[in-house]
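A.B. asks: This is the structure, below, for whatever I ask next.
The values are calculated or read from the model by the stated rules, or taken from the named source; none is laboratory data. The structure presented is a predicted model; accordingly, all values stated were derived computationally and were not measured. Quick reminder, even Gly has a Cβ in these numbers, built from the backbone with ideal geometry, and neighbours come from all protein chains shown. For the accessible areas, the whole protein counts, side chains as well, though only heavy atoms, and no ligand, DNA or RNA atoms are used. Shrake-Rupley method; radii C 1.70, N 1.55, O 1.52, S 1.80 Å.
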Amino acid sequence: MSLSVLSTDPNPTKEQLAFRNKELKKYENVQYGNDDGIELAWAEKAFAHTQIYFKLICSINCTKLKLTKFDDELYHQFLVSFPRVKIDVIDEEKLKSEGVKRRWRAFCQLFEYHIDDYNFGTLLRLDCKEGYSESNTTLVPRVQFLAIEVARNRQGLNMCHFGSNPNPAVEKKEEKDSGEIEEKESCKDEVEKSEDGCKDEVKESEDGCCKATEDTTSSPATESA
């Protein structure tokens, strides 16, 4: 598909212009971090998306993963627009700078009529080798997320997650619970051994006392004989 189809509509209607202006205002205020309150509200909804996406790159070969029907166009246009941008580890300060925001705004508008919810707030990992966490995410428009993640996948940068557990926190909790159970079982065994030892000592003590009593009882009879 030619990249020409990705250009903005040359003859938009009044409704399209009104919608675009409304979306651009939301895009500027929300997607680039100017309104923290709205950003937090959007982040909650975006979190569900992160779980689905991270499970995908953990379970399949990401170099063959297709995120949209415009992946080829996204990747090509990204290489043209941002040929020297480092995508394995993203510098959030540079990403949020005014100059870079303007370039990304123009990039996202290319896909305005071709990708659903093109400017929906989406959580992007800053370091592709790490999972989603508060310190490793930033909120970006959906097209920006798609462009960067398509590039990461095609360059094999997300392959480090293939076959790994998408929920390491759950795994750690299970390991912790398992360790606590083993510790409890170990303590139980120690208590049982200790109780058995005490029982043996008591029995030995009782046997010794009985034997001493028998010896004492039999001594006078031996002397009189």
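A.B. asks: Restricting segment 20-40 to residues that are surrounded by 13 or more Cβ atoms within 10 Å (Cβ to Cβ) and of a type in the set (A, V, I, L, M, F, W, C), which is modelled with the lowest pLDDT?
C.D. replies: Ranking the qualifying residues of segment 20-40, first place goes to V30.
A.B. asks: Over 18 Å from S59 (Cβ atoms), basic (K, R) and open to solvent by less than 30 Å² (accessible area, probe 1.4 Å): is that true of K101 in this structure?
C.D. replies: Criteria met by K101.
A.B. asks: Next question. Confirm whether L157 is at pLDDT 95 or above, open to solvent by 40 Å² or more (accessible area, probe 1.4 Å), of a type in the set (A, V, I, L, M) and within 21 Å of the chain's Cα centre (by Cα).
C.D. replies: The answer is yes for L157.
A.B. asks: Any idea how many residues of segment 127-138 are outside any loop (DSSP other than H, G, I, E, B) and surrounded by fewer than 20 Cβ atoms within 10 Å (Cβ to Cβ)?
C.D. replies: Number of matching residues: 5.
A.B. asks: List the number of the failed condition for S186; all other conditions in (1) among the polar types (S, T, N, Q); (2) more than 22 Å from the chain's Cα centre (by Cα); (3) at pLDDT 95 or above hold.
C.D. replies: Answer for S186: the failing condition is (3).
A.B. asks: Further, regarding this structure: List the pairs whose first member sits in segment 92-108 and is touching a residue at least 40 places away in the same chain (Cβ under 8 Å), whose second member is in a helix (DSSP H, G or I), and whose Cβ atoms are under 6 Å apart, counting only residues at least 6 apart or on separate chains?
C.D. replies: Going by the 6 Å Cβ cut-off, the qualifying pairs are W104/Q144; F107/S81; C108/V143.
A.B. asks: In addition: Which members of segment 109-125 meet the condition of being over 14 Å from L139 (Cβ atoms) and either within 17 Å of the chain's Cα centre (by Cα) or aliphatic (A, V, I, L, M) (or both)?
C.D. replies: L110, I115
A.B. asks: For segment 62-75, name all the residues that are surrounded by 13 or more Cβ atoms within 10 Å (Cβ to Cβ) and either under 21 Å from the mean Cα position of the chain (by Cα) or not charged (D, E, K, R) (or both).
C.D. replies: C62, T63, L65, L67, T68, F70, L74, Y75
A.B. asks: Spot the failing condition for V150; the list is (1) among the β-branched types (V, I, T); (2) within 19 Å of the chain's Cα centre (by Cα); (3) farther than 25 Å from K45 by Cα, and only one is missed.
C.D. replies: (3)
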